[in-house]
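Structure, as structure tokens:
The values are calculated or read from the model by the stated rules, or taken from the named source; none is laboratory data. Given the structure is predicted, the values throughout are model-derived calculations rather than measurements. Backbone-built Cβ (ideal geometry, glycine too); neighbour counts: all protein chains shown.
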């Protein structure tokens with residue numbers, strides 16, 4: 001699982017890292033390590049994200065699977081996952097830019 005994808009989900013929902021850690025019952029330092037890629041994402045954590053953000057586990061698993069397979073289906077899935085990630089990054093950046101203008 002790409003910890004950056006979980007970070008983008010959190011940012012997309014405009015939730016601070018410490019707030020999410022508290023709400024899903026993990027330490028802020030553990031969440032930081034997950035988001036930075038220092039720790040592996042567990043199914044238990046994916047379930048917590050699924051419940052907290054009301055996102056189906058299957059959607060989260062799209063990001064979780066390894067993207068090394070060279071089959072056409074895997075290339076499509078990898079491309080699709082990459083596009084979803086780019087859209088989420090764009091929305092987060094747009095929201096950050098709008099928030100900066102309001103200050």
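General observations
- The listed residue being at pLDDT 90 or above and surrounded by 12 or more Cβ atoms within 10 Å (Cβ to Cβ), out of 6, 62, 45: 45
- For the range 9-42, a tally of residues being surrounded by 14 or more Cβ atoms within 10 Å (Cβ to Cβ) and more than 16 Å from residue 62 (Cα to Cα) returns 16.
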